[in-house]
């Protein structure tokens, strides 16, 4: 195959710069020593990172997001692992319809989901509660948990299970000692991707969050609606750093291209 | 296990999927049905929501040109965003695919990574580049002589399209990238050996083969852009409404839930029709690629 020509490389360079620029500018502005928005032209300062400490609502929102992401991704896996095993191993009537239903939260606009959940949880008396947030997040991260678990379960070597059965293992022992360890990389990656999706979701959560259960993206969004100042850039820089860490771990552990590939093609 | 499972027959898969199925029926299908029903209810400033069956909200959306304009703006922004991502994302995926191993995976990480970074943070970056105290984008464009006077980006559709295209770009690159993986590099060499120039190869060999990738990427980008919330809300401000931000306003500011539910239902139905329709078209047109 031929190499990229100079024109292609110039296009590529500009493309990458434009892709990175907004993220980079947020991180740079976060280090400004000034009291207003400016690129740190005269020296770096951590004052806006220290300033986060004076805004307990950001700290609180961070813990809400962290707990919500960890818990809802875990609960989603409790539902997704058995479902993935069933879909991967059995050919049964309604299998395709079930798979489509389980992946449907990817296709339904999050604004519609937010409205549906708000209506539902308000009418059952859970409006604005943390429990409502958990249930809603379990539904929206379920497709991500399911897809990676499904990939692991489909690619699994079944002969190991058969060997275990021939040695007398069955039921729960078989699952705990043989099946689960074999699909564990897929399950953990599914958890991580689900966590990132939950941690980043704004559109659905903004409908459900009440004062006290606001997640970090919701808190940041409401703050930006009022005014944009260096404080929100330093909070964003922290969020970017956390996501990058998770991303690099995910890449090392599972391969980012494998995690993302097929993220869009939900129907097939 | 296998033989035994096969014998246990049709019940095992249902037992395994039952918890997830109940979850989805209970807290996804029922709430969606409730939302559709809500759009037929009445609402008044002082009486609140009245559970009756009337077409008031649907009539208001159909007759008030404000809603037609708002939906037209929503879809216009989504179409322009889709075109922009296709025009820039497809060539970039092609260039990426021709890079050598280590650079390829590095730049793939750089371009796809933003997909997982908070949309609020990414849009905030554009708000900083567009406006703030200096307007870096305008400064840059003027210094290279691309424009004479500053273009307003903040609180305009132009700004929304640029920021949305950035947010959606990874989906397009990913989709075209997947199509390129199925492409046999030898075909390109064969065309070259038969005397085809670079432009002919791109036009006659590459383009037809990556077109399904571009189109399926376009469907994803379009449907996500048409229902986007954070970017239009931050870049568009309070005045320039799209479907998602209008529904948000009706629900959390005006508190006219039935009207907001009608807007959301219409958005959902329109998107499902567009996505299913264009999926069917693409699969018929490119049946051999999907086999």
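What follows draws every value from the coordinates through simple rules; no lab data is involved. Computed from a predicted model, the values in this text were never measured in an experiment. Positions of Cβ are generated from backbone atoms using ideal geometry, with glycine treated the same way; all protein chains shown enter the neighbour counts.
Points to keep in mind about this one:
- Sorted by Cβ density within 10 Å, fewest first, the residues A:48, B:14: B:14, A:48
- Residue-averaged beta-carbon neighbours from other chains (10 angstrom radius) around B:108-115: 6
- Estimated distance in nm for a label pair at residue B:104 and residue B:49, the labels positioned 7 Å out from Cα along Cα-to-Cβ: 5.3 nm
- Whole-number percent relative contact order across chain A, with pairs defined as alpha carbons under 8 Å at least 6 apart: 29 percent
- Spatial separation of Cα centroids for the range B:37-84 and the range A:95-133, in angstrom: 20 Å
- Tensor-based shape of the protein assembly as shown (alpha-carbon gyration tensor, a/c under 1.5 rounded, otherwise prolate or oblate): rounded
- Counting only other chain Cβ atoms within 10 Å of each residue's Cβ, the peptide A:14-20 averages 6.
- Euclidean distance of C-alpha centroids, the range A:1-74 and the range B:122-186, integer Å: 16 Å
- Ranked by the mean number of other Cβ atoms within 10 Å of their residues, highest first, the peptides A:239-247, B:277-285 come out as A:239-247, B:277-285.
- Selected from A:136, A:194, A:169 as most flexible by GNM, with chain A as the system and alpha-carbon contacts under 10 Å: A:169
- Sum of -39500 (n - 2.57) over DSSP H runs of 4+, divided by residues of chain A (222 nm, nearest 500): -23000 deg cm²/dmol
- Residue among B:269, B:119, B:161 with the largest mean-square fluctuation in a Gaussian network model of chain B, springs linking Cα atoms under 10 Å: B:269
- Ranked by how many other beta carbons lie within 10 Å on average, peptides A:83-90, B:200-207 from highest: A:83-90, B:200-207
- When peptides B:236-248, B:209-221 are sorted by average Cβ neighbour count within 10 Å, with the highest value leading, the order is B:209-221, B:236-248.
- Residue A:11 versus residue A:162: modelled label distance in nm, points set 7 Å from Cα along the beta carbon direction: 5.1 nm
- Rounded to 0.05, the FRET efficiency of the residue A:154 and residue B:280 pair, given R0 = 25 Å and the Cβ-Cβ distance, is 0.40.
- Mean Cα-pair separation over length for the range B:218-265, i.e. relative contact order, pairs under 8 Å, 6 or more apart, %: 27 percent
- Across peptide B:88-97, the mean count of Cβ atoms from other chains lying within 10 Å of each residue's own Cβ comes to 3.
- Inter-part distance where the range A:143-219 and the range B:217-254 are each reduced to a Cα centre, Å: 31 Å
- FRET efficiency estimate (nearest 0.05) - Cβ-Cβ, residue A:47 to residue A:222, R0 25 angstrom: 0.65
- With neighbours defined as other Cβ atoms within 10 Å of a residue's Cβ, the residues A:219, B:182 order from fewest to most as B:182, A:219.
- Pairs of Cα atoms nearer than 8 Å and 6+ residues apart set the relative contact order; for chain B it is 26 percent.
- Rounded to the nearest 0.05, the FRET efficiency derived from the C-beta distance between residue B:199 and residue B:272 at R0 = 41 Å is 0.55.
- Counting other Cβ atoms within 10 Å as a rough exposure proxy, the listed residues A:161, B:69, B:250 run B:69, A:161, B:250 from fewest neighbours to most.
- Most mobile of B:74, B:231, B:156 in a GNM of chain B (Cα contacts under 10 Å): B:156
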